[in-house]
Amino acid sequence: MVPDPDEPNMKPAPDLYALLRPLIFKLNPETAHGLAFTAGAAAQRIPGVLGLLASACGRPDPGLAREVLGLRFPSPVGLAAGLDKGAELLPLWQALGFGFVEVGTVTPRPQPGNPKPRVFRLPEEQLILNRMGFNSEGAEVVARRLRSRPRNLIVGGNIGKNKETPEGQALADYAAAYRAVAPLVDYVALNVSSPNTPGLRRLQAPEALRPLLDGMLALRKEMGLEAQPLLVKLAPDLAPEELDATVDAVVESGVSGLIATNTTLDRTIVSETNRARVEALGMGGLSGRGLKIKAREIHRRVLRRIPRGLAFMACGGIGSGEDAAVALQDGASLVQIYSSLIFEGPLLVGRINRELAERTYYTN
Ligand SMILES: Cc1cc2nc3c(=O)[nH]c(=O)nc-3n(C[C@H](O)[C@H](O)[C@H](O)COP(=O)(O)O)c2cc1C
């Protein structure tokens, strides 16, 4: 039988990325990122390319679709914030098989982020260290791009504050970014957990979080966006009691859900062999395979604490269908990936979708 390219689960394409990876990894991560984005943007402009790519990657099996936050996700696997900060490659992500994409973090005003180098890979452990510091083109530029976003892809807008804004005035920054971005996305995530903006994580403390969330929910109402989900993204570095208090504050506030986790400051997730090397790289948050166990502990603790109706997006070290399945079995509504995509390449998304679909059939 001639294979139908529109059929989900078509035989996957050969993995060119695996062949190119040694070359790609010789480049500085930000140079590689820039090249990938240039190539991706060019591919998006050539008619037919995305259709071919979508066929090669395999469209998500219809059995993967799920209703969360009042939205219909074609797959529970999403792209985590930070890779496409400026909403530049949305059609491409969709073609790779992502069920949703979180753009950002977007700050209200443009800012360059920290000095380079600020991203480092540790391929043997599939770890990334980054101290990007919210390099953002600013909310206006991102909003302009979002105006022509694909309508059939679920897009979240992850927002934050500018570096120079004092914590006490954070609400004004989140509100400014929200005003620009919220009307153009399907959900909004408040990032209070990046370790690379000094003081940002202190906004997770209930006494700082409550007024922030109250202010944002009031703004959402004022803008007539009550039906639009608002989520909060948390760090993996809160002590258990701190995490509980933060989660309680989120639940009591009435927001729609939580995302966890962001990157970790904990260097013990690196093997002892490589720890000194990573420590020598300086400040920044770690993500990838080594974060998985720590993130899972957070997922489970949060999921035990939140009411059933609240959405939970699991993130941190997820890199296979099995990892995604574990997070979903733990009770997460959706999962997000970032670092594993860098190490495994773009075909990973289709692979995770297929592995999840096989499990769904198996368990049904
Ligand atoms: C280079 C880099 C930049 C990131 N930038 C952001 C960001 O701007 N906003 C955000 O909420 N998370 C950001 N993250 C965190 C990811 O969204 C994710 O929470 C974290 O990497 C854990 O997932 P992973 O192990 O699948 O990578 C970034 C991660 C990396 C590696």
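The values are calculated or read from the model by the stated rules, or taken from the named source; none is laboratory data. None of the values given here were measured: they were computed from a predicted structure. For neighbour counting, all protein chains shown are included, and Cβ atoms are generated from backbone atoms with ideal geometry for every residue, glycine included. Heads up: the accessible areas ignore ligands, DNA and RNA and are worked out on the full protein's heavy atoms, side chains in. Shrake-Rupley method; radii C 1.70, N 1.55, O 1.52, S 1.80 Å.
Data for the structure
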quantity: Residue satisfying condition, being open to solvent by 10 Å² or more (accessible area, probe 1.4 Å) and in contact with a helix residue (DSSP H, G or I) (Cβ under 8 Å, 6 or more places away or on another chain), within set 150, 115; calculated: 150
quantity: So residue 151, is it at pLDDT 95 or above and of a type in the set (Lys, Arg); calculated: no
quantity: Matching residues in segment 77-110 - criterion: being over 20 Å from residue 144 (Cβ atoms) and either more than 14 Å from the ligand (Cβ to nearest atom) or free of Cβ contacts under 8 Å to residues at least 60 places away in the same chain (or both); calculated: 95, 96, 97, 99
quantity: Subset of segment 297-342 (residues that are within 14 Å of residue 234 (Cα to Cα) and of a type in the set (Phe, Trp, Tyr)); calculated: 312
quantity: Hey, residue 244 more than 14 Å from the ligand (Cβ to nearest atom), open to solvent by less than 30 Å² (accessible area, probe 1.4 Å) and in contact with a Lys or Arg (Cβ under 7 Å, 6 or more places away or on another chain) or not; calculated: yes
quantity: Boolean, residue 255 is over 20 Å from residue 127 (Cβ atoms), more than 14 Å from the ligand (Cβ to nearest atom), open to solvent by 10 Å² or more (accessible area, probe 1.4 Å) and modelled with pLDDT of 95 or more; calculated: no
quantity: Among the residues listed as 200, 217, the single one being of a type outside the set (Lys, Arg) and at pLDDT below 95; calculated: 200
quantity: Single condition residue 129 does not satisfy, out of (1) touching a Lys or Arg at 6+ places or on another chain (Cβ under 9 Å); (2) away from the ligand (no atom under 12 Å from the Cβ); (3) open to solvent by less than 10 Å² (accessible area, probe 1.4 Å); (4) on the phi < 0 side of the Ramachandran plot; calculated: (2)
quantity: So residue 323, is it more than 22 Å from residue 196 (Cα to Cα), in contact with a Lys or Arg (Cβ under 6 Å, 6 or more places away or on another chain) and acidic (Asp, Glu); calculated: no
quantity: Selected residue [open to solvent by less than 10 Å² (accessible area, probe 1.4 Å) and away from the ligand (no atom under 12 Å from the Cβ)] from 325, 314; calculated: 325
quantity: Positions within segment 329-350 being surrounded by fewer than 21 Cβ atoms within 10 Å (Cβ to Cβ) and more than 15 Å from the ligand (Cβ to nearest atom), in sequence order; calculated: 329, 330, 331, 333
quantity: Qualifying positions in segment 142-199 - part of a loop (DSSP other than H, G, I, E, B), basic (Lys, Arg) and without any contact (Cβ under 8 Å) to a residue 60 or more places away in the chain; calculated: 147, 151, 161, 163
quantity: Candidates 140, 167, filtered to the one that is open to solvent by 40 Å² or more (accessible area, probe 1.4 Å) and modelled with pLDDT under 95; calculated: 167
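For every residue, the table says whether it meets (1) open to solvent by less than 20 Å² (accessible area, probe 1.4 Å); (2) closer than 21 Å to residue 161 by Cβ; (3) touching a strand residue (DSSP E or B) at 6+ places or on another chain (Cβ under 8 Å); (4) more than 16 Å from the ligand (Cβ to nearest atom).
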position	(1), (2), (3), (4)
196	yes, yes, yes, no
223	no, yes, no, yes
240	no, no, no, yes
276	no, no, no, yes
283	no, yes, no, no
292	no, no, no, no
303	no, no, yes, yes
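Here is a yes/no grid of residues against (1) over 21 Å from the mean Cα position of the chain (by Cα); (2) open to solvent by 40 Å² or more (accessible area, probe 1.4 Å); (3) more than 20 Å from residue 126 (Cα to Cα); (4) modelled with pLDDT under 95:
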site	(1), (2), (3), (4)
3	yes, yes, yes, yes
11	yes, yes, yes, yes
14	yes, yes, yes, yes
28	yes, yes, no, yes
39	yes, yes, yes, yes
53	yes, yes, yes, yes
70	no, yes, yes, no
76	no, no, yes, no
